[in-house]
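**Q** Please find one structure pasted underneath; my questions will follow.
The values are calculated or read from the model by the stated rules, or taken from the named source; none is laboratory data. Keep in mind the model is a prediction, meaning the values are calculated, not measured. Using ideal geometry, Cβ is built from the backbone for each residue, glycine included, and neighbour counts are taken over all protein chains shown.
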Amino acid sequence: MKGSTRPLISILFFAISNICQAQEAGTPKSLLWRISGNGLSKNSYLFGTMHLQDKRLFYFTDSLYSYLGSAEGFAMEIHPDSIMRASVAYVDKLHNQKMVKDKLSGPDYEKLKSKLKKDLNLEVDNLTVRDAYLLREKLTKPAPKADDMQTMVDLYLYGIAQDQGKILTGLEKVEDQLNLLDDFGNDFDVKKLMKDIDKDKEFTESMVQMYQQENLEDIQKITSFLPPEMEDKLLTRRNELMAGKMDSLMHEHSYFVAVGAAHLPGNEGLIELLRKKGYLVSPVFSNKRVDPSAYIRKNTDKWQEYSDSSQGFSVKMPGKPSPLNMSQGEVKLSMYLDLLTNRVYFVGFVRPGIIINQANADSLLRGMAEASARESNGKVISSRKNFIQGFYGLDAVIHNPQREMFMRVQYLAKGRRVYMVAMGSQREDDAKLPIVDEYLASFKIFEPKKSEWNSYKFSKDYFSIHFPVAPEITRIRENDSTVDAFKYVGADDNNGIAYMTTVTNVRPGYFFPSDSSIFSTYLKNLTASKGGILQEKRFTYEGFPADDFIADIGSHIYLKGRMINRGNRDYKILVFYEPESGDDSSIDRYINSFSFLPLNKTAWAQQSISELGMKVFAPEAFTKDKDEQQAYVKNANKGLASWHSNDSVYLSSPIISYQQLSPYTWAKNDTSLPKKYMNLLLKYNEKLEWYHFRKLGSIPFIEFLMKKVDGEMCIKGRIYLNGDKIITQQHTLPLLYLEDSEPLKFFEATQFEKELPSNLNMTNADKFFSDLHSTDSTRYTDAYEFLENGGLNIEPSDVDLLLTQAATKFPADSSHFQTVSELLIRESGKVANESNIELLKSKYISFDGALDKYRYDLLEILAKIQSDKSYNAIHSLLKFRVPSSGTAASFVRSLKNSEELSVKILPQLLKYSGDSILGNQLYSLYAHLLEKDFITIDSLKPFEAGMHKAVKYAQQKFQISKWNDYYLFPYHDVFNVLGKFQDKESYTLLQQFSALSQGYMSIVAIKVLLENNQTPSTLALDKLAADKFERTNLYDELDKAKKTSLFPQKYLNRKAFAESYLWNSFDDDEPASVEFVGTRTELYEGKKKIFYLFKINFDPEDPSYYLGISGPYDPNSTSSSLKIPVAGYFEEENYDPKRLDEFLRKFLNYYSADLDSAE
């Protein structure tokens, strides 16, 4: 467990390791003081302690034992039980702490990191500033000795008082001490963490000696240099509180009070404060000391039985444990911290994601133990299987070096239950103590209660359902800012079946993209499991999309479920069971018992958006969005902002957004701009159902309805043009809800305070083109970015203007990828239609000389018009002149979108199959038409010679150097068509490409040769096998063709393949060097696997190296190939040959976590 005892022990260490100002001379040398007078019927006693375990501090006088025995009560700074309870709550508080790495500069951080690893074998990456403070406190304590006591002085005395049955209390609130720890810990200067440790240890040793001499005066003097603010926090305030509490307690009972010795002396110390209250406080002297080994405690066996009927177990513990909230409620864990022995006891229960049986129990439990060890960079020291009360068991000892803890854990598992019973201690030998054996043996499991099916209503999530037991409710996906989700789980231990319903609600400002995508994403993840989807059926449930399915999720577990999308609320009703339980009637009973509860409609009211001078009906006041979620046209028009309201019942967010139109915007009528913005809203998975042009007063707007093509979600909206603003009003809901009175009012009750005229005439166009031609960089850049970001609002009648401008000369611009002319032609293509065909033809003819490179762009526009007339124009224009420059890829891609029209002009296109620019691109069209059965390979054979000519031209470019236009060569399509010719010359070309050392392109050539029963050349195979990136890709292709015997033997080994998998794991950061350093065997997914390790450098000028990892290989197999490789490098820390095992475990832990989050 993280954060167990260390913070608490350090809190108790405060009083003696942080003390303040000097006192007047002459304080008697005594730690024990008698308190009398002021109306007390019996004497009380005050004793100064030191919060250490050093045995030298425990040689108390016989008087101390006598007065402790005679007192009716015992008081210390904080009651241990409250410490234990607060420590449980404090565990969850430790997540959002300042990190050491955020407080130090790079060099200082690396220096500290290296020193901590070297001196203490500790990792600094996850160290908080508070942890660093506590670590510093710990390091200044004396080194542990063999004869150290089990606990500190205060707690030792507390144990005696507890044995004697005294009244036990604390003088302070534990929360105050924890806050004090946060104050000092979070402000700690981490640079001082490892400085002057030896000096501070000497300081502590000096204080131990002063304590032995009972010298309060010297203790105060040596600690008299604290700043006033720290003195006030550490001592003054606390002393006043403790003195007040003692005054109250001592008038009720006689007390023995034990507090840190630093609290006793000084004008603001407890001795003087009590005297000021009228008490006689005098020292107690005695020369007789008692050896702590000779003192025998009585009545030490006070263990009590702890029982939890909901989890079905009982166990004997030293005290009542407190519950911990772990893993969002997935793990039910209770903890008792025994401060008298410095041991911590855990008992826990978890329902795993699988059903446990004899086949998987051992691997599951060992995996749990290994995972616990990896979390702390520790290891499992020992483990042994057992079988207890019919449960599969594992008894393990785990070392957690980060917390200096040795944990003995007993895991017991069966069906849908896993129990964990554990004891942790800083002493390794404690794990072997008889009392620990007795603790584990006391754990008893109850027989599960007979299930009783009852109906449960969950009004918050608007559904009811039957469960065999009372369900547990847990919030999930807590860190997801877009949704709020809960799960309701009830497991029947009688039949081993788990019943679960999850409800996912969108958060304000968001909505589900589509019903179908929610279902598809979930089913896709299930498909990746062992058996995948066994059955599936889409249907409608009470008017909402639903999906029933059965899936084999592996580990001998089936999942049957029903998914229902109720607008922006998603339900999943799920049952986990073993296949043998498939006919259990409770499975369908559970699923079919689900039903909706009626929605409690909320009352909407008129809300205002002052920035827009707009009033609308909405469920609540609008909130302005912080991010630009409504950026329909990025940066094209300035002044973007959006607001959303929220309906907590519909889980919908009515949205208002606006954009300030650019001074470059022009429009020929009031309807074109609203329509443009409506079209920009339309996504690929949406269908425009209808739209109407209307006016609100003099403000023109377009009203529309869009529907998701794969579900019931709809977007109803309006887009207004008011002055120089485009204002969008939209609401996403199921059609069933959009007709309700409140959503209808959102639109129909809209008002504007001012109706403004729009000034969008051609003067704006003149300014736009003027700025594009300007030599003023600011004007030019503004106009270019407006054009680049799609800001133009044009119609077919504007195409002539744009193309005429595209033919003019613009200022030289090397800072942008596309020229102004290219962008103007692109924008023309977005609106061009049949009315522009003759214009496009005339522009094509006139685009001569330097403009020739834009002719393919004009052909692309004609291809996108997709009419007989436009394709006839392509035919005639190519006949007139084939462009001698530019790129043809986009033009050919557009031809593929209209197969029937392309087939009509194919004879003309084939005449240009040997063209150096167009020829190779046409292969994409040929391959597409062949695949769709529009043509046969025989129709291409008469033109084969020309087609080969184009390929040879590309081949020459690759032979000379790496072709800059490599990405323009459609090698997949070229090679596939060549393979279909099935003749010698085509095979020769494929052989030549396979030997060109062109990476994956050569692999594709090999693939086509193999598919045609052609043997690749030895030269090509050797080159590709030597290529670290392509080595395993080559093997995979040969394996598919059942010709792995062709793979070069030199590279057919695990080391070579592991190296290739590693190279393929790099994205943009290709390493400068990769050096093999060895192998390691490590547990992965519950089984031992072999991993190959490499030393990696990314920059020859930077001496930093990292550990590369590739695997996992089965020790019982000889195969070099992996179906699912795990490869990458550990980037958290630099390469360290002494820490390879640790880095490997961390990498695998991170890798598994990434996979879990991806799922």
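**Q** Only one of PHE746, PHE752, PHE693 is of a type outside the set (Asp, Glu) and crowded, with 21+ Cβ neighbours inside 10 Å; which?
**A** PHE746
**Q** Another question, then. What number of residues within region 643-657 are of a type in the set (Val, Ile, Thr), in a loop (DSSP other than H, G, I, E, B) and buried (at least 24 other Cβ atoms within 10 Å of the Cβ)?
**A** Selection size over region 643-657: 0.
**Q** Within the bounds of region 530-551, is there any residue that is at pLDDT below 90 and either closer than 20 Å to LYS487 by Cα or in contact with a His (Cβ under 9 Å, 6 or more places away or on another chain) (or both)?
**A** No, every residue in region 530-551 fails to be at pLDDT below 90 and either closer than 20 Å to LYS487 by Cα or in contact with a His (Cβ under 9 Å, 6 or more places away or on another chain) (or both).
**Q** Please tell me if ILE861 is under 28 Å from ALA667 (Cβ atoms) and among the aliphatic types (A, V, I, L, M).
**A** So ILE861 fits the description; yes.
**Q** Could you give me the residue pairs with C-beta distances under 7 Å whose first residue belongs to region 452-477 and is not assigned by TED's automatic domain parsing to the domain that holds TYR650 and outside any strand (DSSP E or B), whose second residue is crowded, with 16+ Cβ neighbours inside 10 Å and among the charged types (D, E, K, R) wherever it lies, and which are 6+ apart or on separate chains?
**A** PRO468/ASP492; VAL469/ASP492
**Q** Of these, ASP724, ASP776, ASP782, which one is in the same structural domain as TYR691 (by TED's automatic domain parsing) and over 29 Å from PRO513 (Cα atoms)?
**A** The unique qualifying residue is ASP724.
**Q** So which of LEU877, LEU859 is within 30 Å of VAL1008 (Cβ to Cβ), buried (at least 19 other Cβ atoms within 10 Å of the Cβ) and modelled with pLDDT of 95 or more?
**A** Of LEU877, LEU859, the one residue that is within 30 Å of VAL1008 (Cβ to Cβ), buried (at least 19 other Cβ atoms within 10 Å of the Cβ) and modelled with pLDDT of 95 or more is LEU859.
**Q** Let me ask something additional. Being of a type outside the set (A, V, I, L, M, F, W, C), without any contact (Cβ under 8 Å) to a residue 40 or more places away in the chain and within 21 Å of GLY849 (Cβ to Cβ) is the filter here, so list the residues in region 877-911 that pass it.
**A** LYS879, ARG881, PRO883, SER884, SER885, GLY886
**Q** Still on this model: Filtering region 1042-1060 down to residues that are under 13 Å from LEU1093 (Cβ atoms) and of a type outside the set (Asp, Glu), which residue is surrounded by the most Cβ atoms within 10 Å (Cβ to Cβ)?
**A** Out of the qualifying residues, it is ALA1058.
**Q** Could you tell me whether TYR684 is part of a loop (DSSP other than H, G, I, E, B) and either touching a Ser or Thr at 6+ places or on another chain (Cβ under 7 Å) or within 22 Å of PRO513 (Cα to Cα) (or both)?
**A** Yes.
**Q** Another question about this same structure. Yes or no: region 578-597 includes at least one residue that is in contact (Cβ under 8 Å) with a residue 60 or more places away in the chain, surrounded by fewer than 15 Cβ atoms within 10 Å (Cβ to Cβ), part of a loop (DSSP other than H, G, I, E, B) and of a type in the set (A, V, I, L, M, F, W, C).
**A** yes
**Q** Follow-up. For the subset of region 1-56 comprising residues that are β-branched (Val, Ile, Thr) and under 18 Å from GLU272 (Cα atoms), which member is modelled with the lowest pLDDT?
**A** ILE19
**Q** Could I ask something else about it? Just the residues that are buried (at least 19 other Cβ atoms within 10 Å of the Cβ) and either assigned to a loop (DSSP other than H, G, I, E, B) or touching a strand residue (DSSP E or B) at 6+ places or on another chain (Cβ under 6 Å) (or both), please, taken from region 512-543.
**A** Scanning region 512-543 gives PHE512, SER514, ASP515, ILE518, PHE519, LEU526.
**Q** Which condition number in (1) without any contact (Cβ under 8 Å) to a residue 60 or more places away in the chain; (2) among the hydrophobic types (A, V, I, L, M, F, W, C); (3) in the same structural domain as LEU688 (by TED's automatic domain parsing) is the one that PHE769 fails?
**A** (3)
**Q** When only residues in region 777-824 that are among the hydroxyl-bearing types (Ser, Thr, Tyr) and not in a helix (DSSP H, G or I) count, which is nearest to the chain's Cα centre (by Cα)?
**A** Restricting to residues being among the hydroxyl-bearing types (Ser, Thr, Tyr) and not in a helix (DSSP H, G or I), the top hit is SER815.
**Q** Same structure again: Give the residues of region 389-401 that are in contact with a strand residue (DSSP E or B) (Cβ under 8 Å, 6 or more places away or on another chain) and either at pLDDT below 85 or hydroxyl-bearing (Ser, Thr, Tyr) (or both), sorted by residue number.
**A** Across region 389-401, the qualifying residues are GLN389, GLY390, TYR392, ASN400.
**Q** OK, next. With the checklist (1) at pLDDT 95 or above; (2) buried (at least 16 other Cβ atoms within 10 Å of the Cβ) in hand, flag the one item SER890 doesn't pass.
**A** (1)
**Q** Does LEU1019 count as aliphatic (A, V, I, L, M), surrounded by fewer than 15 Cβ atoms within 10 Å (Cβ to Cβ) and outside the structural domain of ASN1116 (by TED's automatic domain parsing)?
**A** Yes: the conditions hold for LEU1019.
**Q** Here's a follow-up. Take region 903-942 and flag every residue that is touching an Asp or Glu at 6+ places or on another chain (Cβ under 9 Å) and part of a loop (DSSP other than H, G, I, E, B).
**A** SER913, LYS932, PHE934
**Q** Considering each of PHE622, PHE596 in turn, give the residue that is farther than 19 Å from LYS745 by Cα, of a type in the set (A, V, I, L, M, F, W, C) and at pLDDT 90 or above.
**A** Step by step, each of PHE622, PHE596 is checked, and only PHE596 is farther than 19 Å from LYS745 by Cα, of a type in the set (A, V, I, L, M, F, W, C) and at pLDDT 90 or above.
**Q** Sticking with this one: Take SER286 and decide whether it is touching a helix residue (DSSP H, G or I) at 6+ places or on another chain (Cβ under 7 Å), in a loop (DSSP other than H, G, I, E, B) and either at pLDDT below 95 or surrounded by 12 or more Cβ atoms within 10 Å (Cβ to Cβ) (or both).
**A** yes
**Q** Taking LEU760 as meeting all but one of (1) more than 19 Å from HIS644 (Cα to Cα); (2) surrounded by fewer than 19 Cβ atoms within 10 Å (Cβ to Cβ), write down the number of the exception.
**A** (2)
**Q** Name the one entry in TYR1061, TYR1035 that is in a helix (DSSP H, G or I), in contact with a Pro (Cβ under 8 Å, 6 or more places away or on another chain) and not charged (D, E, K, R).
**A** TYR1061
**Q** Examine region 841-848 for a residue that is in a helix (DSSP H, G or I) and acidic (Asp, Glu), and state whether such a residue exists.
**A** no
**Q** Next up: Kindly indicate whether any position in region 1030-1041 is closer than 21 Å to PHE969 by Cβ, among the acidic types (Asp, Glu) and surrounded by fewer than 17 Cβ atoms within 10 Å (Cβ to Cβ).
**A** Within region 1030-1041, not a single residue is closer than 21 Å to PHE969 by Cβ, among the acidic types (Asp, Glu) and surrounded by fewer than 17 Cβ atoms within 10 Å (Cβ to Cβ).
**Q** Could you tell me whether any residue of region 1141-1156 is assigned to a helix (DSSP H, G or I), among the basic types (Lys, Arg) and within 20 Å of ALA371 (Cα to Cα)?
**A** Among the residues of region 1141-1156, at least one is assigned to a helix (DSSP H, G or I), among the basic types (Lys, Arg) and within 20 Å of ALA371 (Cα to Cα), which makes the answer yes.
**Q** Report yes if GLU272 is part of a helix (DSSP H, G or I), modelled with pLDDT of 80 or more and among the charged types (D, E, K, R), otherwise no.
**A** Yes.
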